[in-house]
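Bear in mind that the values in this text are calculations on the coordinates, not laboratory data. This structure is a prediction, so every number in the text was calculated from the model and none was measured. Because the Cβ atoms are built from the backbone with ideal geometry, glycine has one as well, and the counts that use them run over all protein chains shown.
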């Protein structure tokens, strides 16, 4: 786990507050390697959404990085 944290640009844990087709909005609880308190992850693989994250209120540990211009996150949402 330590290696994964060191190699991933953004690591945080938080509660999912909104689920849309390929988007999640997360209220950050613990920041390890992140700059904001609220994130929206966009361009999430559909198998992840259907198997693991398909409703709000779940708390997860996120390892995120930009894959391309369509798979990105936005910090500190209104």
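Worth a mention:
- Fewest-first ranking of 30, 17, using other Cβ atoms within 10 Å as the exposure measure: 30, 17
- Likely footprinting exposure, 63, 12, fewest C-beta neighbours within 10 Å first: 63, 12
- Relative to the current alpha-carbon distance between residue 20 and residue 61, full extension at 0.36 nm per residue lengthens the span by 12.9 nm.
- When 24, 61, 41 are sorted by how many other C-beta atoms sit within 10 angstrom of their C-beta, beginning with the fewest, the order is 61, 41, 24.
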